[in-house]
Amino acid sequence: MDIRGILGPVLAFAVGSPLAFFLVFAGVFTDVSSLGDRLLSLALTAGVYAVAGGVMGYLRYHRSLALWLVAPAVFILVWYTTHEPQALLLHTLYGVLAVSATLAGRKLGAATKAQRQG
């Protein structure tokens, strides 16, 4: 395997790591005082991952790279669930939301690129 085959996943994982830590981990780790705060955290997570996925789709990156982008969030959630199993539903919600938003954003970004090219 040449370096280009390794570089893409490594870069996607590196870009996804701060997103996972500052959005997903912070979202599930912090105590939320109201439903509005939780919904804002979920919306922010979905929005940022959708934009990141959209950029990947617009630049024509393969879906597997989008999954590498969201992989750190999934790893953090799985790890944190082993320490806080009572929050499994919340962790699952953040994980499904991050993966879904990334893939949806990627698809929309690719469609936008195709439409602009005619």
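The values are calculated or read from the model by the stated rules, or taken from the named source; none is laboratory data. Remember, predicted model here, so these are calculated numbers, not experimental data. We place every Cβ from the backbone using ideal geometry, glycine too, and count neighbours over all the protein chains shown.
When you scan the range 40-60, do you find a residue that is assigned to a helix (DSSP H, G or I) and of a type in the set (D, E, K, R), even just one?
So the first thing to find is which residues in the range 40-60 are assigned to a helix (DSSP H, G or I), and the list is 40-58.
Narrowing further to those that are of a type in the set (D, E, K, R): none.
So far as the range 40-60 goes, no, none of its residues is assigned to a helix (DSSP H, G or I) and of a type in the set (D, E, K, R).
Can you list residue pairs whose Cβ atoms sit under 8 Å apart, with the first residue in the range 97-115 being in contact (Cβ under 8 Å) with a residue 12 or more places away in the chain and surrounded by 15 or more Cβ atoms within 10 Å (Cβ to Cβ) and the second being not aliphatic (A, V, I, L, M) and not in a helix (DSSP H, G or I)? Count only pairs 6 or more apart in sequence or on different chains.
From residues that are in contact (Cβ under 8 Å) with a residue 12 or more places away in the chain and surrounded by 15 or more Cβ atoms within 10 Å (Cβ to Cβ), the pairs are ARG106/TYR61; ALA110/ARG60.
Out of everything in the range 1-39 that is of a type in the set (Asp, Glu) and not in a helix (DSSP H, G or I), what residue ends up being modelled with the lowest pLDDT?
First pass over the range 1-39, keeping only residues of a type in the set (Asp, Glu): 2, 31, 37.
From what's left, not in a helix (DSSP H, G or I): 2, 31.
On the way: ASP2: 61, ASP31: 80.
Result: ASP2.
Scan the range 64-118 residue by residue and report those that are among the aromatic types (Phe, Trp, Tyr) and in contact with a Leu (Cβ under 8 Å, 6 or more places away or on another chain). Outline the logic, then answer.
To start, the set of residues in the range 64-118 that are among the aromatic types (Phe, Trp, Tyr) comprises 68, 75, 79-80, 94.
Within the range 64-118, TYR94 is the sole residue that qualifies.
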